[in-house]
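The structure appears below as C-alpha cells.
The values are calculated or read from the model by the stated rules, or taken from the named source; none is laboratory data. Here the structure is a predicted model, which means the values were calculated and not measured. All Cβ positions, even for glycine, are placed from backbone atoms using ideal geometry, and neighbour counts span all protein chains on display. Areas reflect the complete protein model, heavy atoms only, side chains present, ligands, DNA and RNA absent. Shrake-Rupley method; radii C 1.70, N 1.55, O 1.52, S 1.80 Å.
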Amino acid sequence: MKKLTILWTIFLFPLVVCASKDTTLIKKGEYLSKIADCFACHTADKGEPYGGGVPFITPFGNVYSTNISSDKKAGIGSYTYEEFYDALHKGIGKHGNLYPAMPFTSFYLITDEDTKALYAYMMSIKPVSQKNRDNEISFPFNIRAGLKTWNLVNLSNEKFVPEEDKSEKYNRGNYLINSLGHCGECHTPRNSMMAMDKKRKLEGNLIVGYVAPSLQSVELRRQEWTLKDLVSVMKNGYSRRGTVLGHMTPIIYHSLSNVSHEDLEAMASYLLDSDEEVETKALTFNGHDKKDPGYLLYTGYCTSCHGINGEGIPNTTPALAGNATLNTKKPLNTMLTIIYGIKNERYSQTNAFGHMPSYNFTDEEMTNLINYLQKTFTNIGIKHSLEEIQAFKEEVIKGMENAEH
Amino acid sequence: MPKLTMTINNKQIEPMEISEEIMMIEYLHEYLNLTGTKFGCGQGECSACEIIVDHKDGTSESVKTCINSALTFQGKKIRTIEGHAKKNAKGYAVKLNPVQEAFAKQFSFQCGWCTPGFTNRATLLLEELEKNPIKKEDLRTHISEHLNSHLCRCTGYVKYFKALEDLILSKKGLTL
Ligand code: FES
Ligand code: FES
C-alpha cells in the first residue's frame, strides 16, 4: 500500500505543479488583459464575449474588431504562440496585416513574459463562433499590402527599456501606460500618416468627438492633480479634479477599475513624473462676481447639482471648483457636456453618477457661461471671445457628427 | 437684481425680490403655495417636476423646475398642474381636463407623484397633435418618444400609455 502511495505521488506531483503553474500564468494573463482592455474592443454591444464586431470609425471607413476567443475557426484558437506574438507586436495576423485600430504600435513593447501570460489566458477563454464582420474601408486603404509600408515607417521593433535614472515604480508605470495600457493611442495626436506623433507624446488629442486630454506631467501639475487624484480617477472614474467622460467611461469600467492599487500608483507616478506625493492644493473657488453676465446663467442652470460654490454632490455630480475638464485653454469637453449632456455613469453598486441634461444656449450665453466657469473655478486666466466660442462649438458639433457616422 | 414676475395659469404674479439661488419648484411651493408640482429626483432625471412654458412664438415646452432657478422663468407664461381643471367661482375644480380625466378613469397612477409631469407632457402632446395630426400607425412610437423621459416608480407605464392612446384615438382630427 505504501509503495502504491509513493508511486501515485511520483506520477501526480508533476501534474499538480504543472496545473498550478498554468493557473497562475492564466490568472496573470487575465489581469494583464484587463489592463490592455481586450474585452472592451473585442466585445460588441450584446455580442459574445471576445467575439469581436465593435466598429472603429476611421476617416477611411469602419474597421470591425475581430473574434479573439479561443475558437479554432472563428477566433484565434489555432494561433501558435509565435503567431500570437506577431499579431500583438507586429500587427500581423494569420490572414494578413492588421489595421492599426489594433494598438500594436503600443503593444510591441509588451515583454515576452507578459505575452506568454496573455497567450495562456486567451487560449483558456470560452470559444465563441461569432463570425467576423467585413470591414468597410474605402479604396485604396482596403488593400492590406499598404499596411506593410505603413508598418515599416511607423512601427518600431525595439524592446521596452526602463529609464536608468528613474525608480522601479516610475518604470512600471511607464511600461503599463505605454505598452499594455496603450494610453497614447487616444491621448497622443496623430501625424499625417495617422500614426501617433512621437514628438507630441500624450499631449492630448481630439478623438471621435471628445478631447482625450493631455496626460503630460507639466499640464497635469498645472491642473493641480496629485498622485491620489490620478489613482482615484483611474479606479473610480471620479476624483477631486472631476470625472471621466465619454469613451473613457467603459475603459474605467472594464479595465482600470480592475487594476491593482500598486499598478495604478505606478501609472500615476509616471504621469506626474514623481515618486512622492505632490503638494495638494485646495479646490479653486475664486468667489462669485454677481455683476458678471455669466453669474445668473450659473445660478440659473448649474447650481442645483454643482452647488452654489461649485462644490458638487458626492457620487452624483462632480465639483466644478478645481475641475480639470474646465481648466483647459480650449474647453471643448466642457462645451460638449453642455451641448449634449452626459448619460448616467454606473461603475458599481456603490459608485454611480446621475445624468446631466443638455442645454440649448445661444452663442452669447455659452460665451458668458464658459468664461464665468473658468474665471470662478480655475486660475487659467483666459477670456474667450464670442468668435472663439463659436469656432469651438463648430469643432465640437463636427466631432460629434463624425463620431456618429 | 430685477424683481421676479411671470404669468402662471393666466394670472400675473406680483413682482417680488427673490434670491438667485431659489429653484423654480421651491418658488412655486414656498412663495406661491402651488404645491401640485412634485419634487422627485431633484437632478433632472425623472421629469416629475415639469411644468409648461408657453413661448411668445406660439410654441410650448415642458420644462423641469428642480434644476432651473426661478429667475430663469422671468417674464414667462407658464402652466402648472393647478391650471388644467375648470374651476367654479369659489376656485374649486369642477371639471378635469381630458388628460386628467383619462388618467383617472384608467387608474393610470398609484401614488400620483409622477402624475403632474405626465399630465403636462401629455397635454402638450394633445395640443401638438391638434396642430399637426400624425398617422395612426405612428401613434404608439410617438407617445413613447414623448413620455420617454418620465419615470414612474409605481405603475409600469402601461396604463398611462393606454389612457393616452385611447384618448387621442377617440378625438377627431388628432390622427390621420
Ligand atoms: S424632480 Fe425634477 S426631474 Fe426629477
Ligand atoms: S404613480 Fe407613483 S410614481 Fe408614478
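Restrict the check to the range B:101-110 and report whether at least one residue is in a helix (DSSP H, G or I), among the hydroxyl-bearing types (S, T, Y) and either open to solvent by less than 60 Å² (accessible area, probe 1.4 Å) or without any contact (Cβ under 8 Å) to a residue 12 or more places away in the chain (or both). Spell out how you get there, then give the answer.
Filtering the range B:101-110 down to residues in a helix (DSSP H, G or I) leaves B:101-105.
Then drop every residue that is not among the hydroxyl-bearing types (S, T, Y), which leaves none.
The answer is no; no qualifying residue exists.
Looking at A:V128, A:V63 in this structure, which one is buried (at least 19 other Cβ atoms within 10 Å of the Cβ), in a loop (DSSP other than H, G, I, E, B) and hydrophobic (A, V, I, L, M, F, W, C)? Steps first, answer last, please.
Details: A:V63 fails: in a loop (DSSP other than H, G, I, E, B).
Answer to the check: A:V128.
Can you list residue pairs whose Cβ atoms sit under 6 Å apart, with the first residue in the range B:32-52 being farther than 11 Å from B:P116 by Cβ and the second being more than 15 Å from ligand 2 (Cβ to nearest atom) and of a type in the set (D, E, K, R)? Count only pairs 6 or more apart in sequence or on different chains.
Listed pairs, sorted by first residue: B:G44/B:K64.
List the number of the failed condition for B:I143; all other conditions in (1) without any contact (Cβ under 8 Å) to a residue 60 or more places away in the chain; (2) within 16 Å of ligand 1 (Cβ to nearest atom); (3) not assigned by TED's automatic domain parsing to the domain that holds B:N9 hold.
For B:I143, the exception is condition (2).
Just one of (1) among the hydrophobic types (A, V, I, L, M, F, W, C); (2) assigned to a helix (DSSP H, G or I); (3) within 16 Å of ligand 1 (Cβ to nearest atom) trips up B:L126, so point out which.
B:L126 satisfies all of (1) among the hydrophobic types (A, V, I, L, M, F, W, C); (2) assigned to a helix (DSSP H, G or I); (3) within 16 Å of ligand 1 (Cβ to nearest atom) except (3).
I need the full set of residues from the range A:72-100 which are modelled with pLDDT of 90 or more, open to solvent by 30 Å² or more (accessible area, probe 1.4 Å) and more than 15 Å from A:T115 (Cα to Cα), in order please.
Listed by number, the residues that qualify are A:K72, A:K73, A:S78.
Would you mind telling me which numbered condition in (1) closer than 30 Å to A:T58 by Cβ; (2) charged (D, E, K, R); (3) open to solvent by 40 Å² or more (accessible area, probe 1.4 Å); (4) within 16 Å of the chain's Cα centre (by Cα) A:E185 fails?
Among (1) closer than 30 Å to A:T58 by Cβ; (2) charged (D, E, K, R); (3) open to solvent by 40 Å² or more (accessible area, probe 1.4 Å); (4) within 16 Å of the chain's Cα centre (by Cα), the lone unmet condition for A:E185 is (3).
What are the pairs with Cβ atoms under 9 angstrom where one residue, in the range B:4-29, is closer than 22 Å to A:G307 by Cβ and free of Cβ contacts under 8 Å to residues at least 40 places away in the same chain and the other, located anywhere, is more than 16 Å from ligand 1 (Cβ to nearest atom) and aliphatic (A, V, I, L, M)? Sequence gap at least six, or different chains.
Here the result reads B:S19/B:M1; B:S19/B:L71, each pair linking the range B:4-29 to a residue that is more than 16 Å from ligand 1 (Cβ to nearest atom) and aliphatic (A, V, I, L, M).
Among the residues of the range B:61-83, is there at least one that is away from ligand 2 (no atom under 16 Å from the Cβ), modelled with pLDDT under 95, within 10 Å of chain A (Cβ to nearest Cβ) and farther than 24 Å from B:L126 by Cβ?
No, the range B:61-83 has no match at all.
Could you check the range B:1-97 for strands (runs of 3 or more DSSP E) lying wholly inside it with 1 or more residues that are open to solvent by 40 Å² or more (accessible area, probe 1.4 Å) and not hydrophobic (A, V, I, L, M, F, W, C)?
Strands (runs of 3 or more DSSP E) meeting the threshold: B:60-63, B:77-79, B:93-95.
For the range A:211-243, which positions are in a strand (DSSP E or B) and touching a helix residue (DSSP H, G or I) at 6+ places or on another chain (Cβ under 6 Å)?
A:V211, A:A212, A:S239
Could you give every pair whose Cβ atoms fall below 7 Å, whose first residue belongs to the range B:121-135 and is not assigned by TED's automatic domain parsing to the domain that holds B:K38, and whose second residue is among the small types (G, A, S) and part of a strand (DSSP E or B), counting only separations of at least 6 or pairs across chains?
Correct list of pairs: B:R121/B:S62; B:L124/B:S60; B:L124/B:S62; B:E127/B:S60.
Yes or no, residue by residue, for (1) surrounded by 16 or more Cβ atoms within 10 Å (Cβ to Cβ); (2) more than 16 Å from ligand 2 (Cβ to nearest atom):
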site: B:E127; (1), (2): no, yes
site: B:E130; (1), (2): no, yes
site: B:D138; (1), (2): no, yes
site: B:T141; (1), (2): no, yes
site: B:E145; (1), (2): no, yes
site: B:G156; (1), (2): no, no
site: B:Y160; (1), (2): yes, no
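Given the criteria out of contact with any Cys (no Cβ under 7 Å at 6 or more places or on another chain), within 13 Å of ligand 1 (Cβ to nearest atom) and not assigned by TED's automatic domain parsing to the domain that holds B:E127, does B:E61 qualify? Break it down stepwise before answering.
On the way: out of contact with any Cys (no Cβ under 7 Å at 6 or more places or on another chain): yes; within 13 Å of ligand 1 (Cβ to nearest atom): no; not assigned by TED's automatic domain parsing to the domain that holds B:E127: yes.
In short, no.
Would you pick out the residues in the range A:284-327 that are facing chain B (nearest Cβ under 9 Å) and surrounded by fewer than 17 Cβ atoms within 10 Å (Cβ to Cβ)?
A:K290, A:I308, A:I313, A:T316
Of everything in the range B:15-39, what is out of contact with any Ser or Thr (no Cβ under 7 Å at 6 or more places or on another chain), within 10 Å of ligand 1 (Cβ to nearest atom) and more than 12 Å from chain A (Cβ to nearest Cβ)? Give them in sequence order.
Answer for the range B:15-39, where residues must be out of contact with any Ser or Thr (no Cβ under 7 Å at 6 or more places or on another chain), within 10 Å of ligand 1 (Cβ to nearest atom) and more than 12 Å from chain A (Cβ to nearest Cβ): just B:K38.
State which residue is nearest to the chain's Cα centre (by Cα) when the search covers only the range B:48-60 and only residues that are farther than 15 Å from A:S304 by Cα and within 15 Å of ligand 2 (Cβ to nearest atom).
Out of the qualifying residues, it is B:E50.
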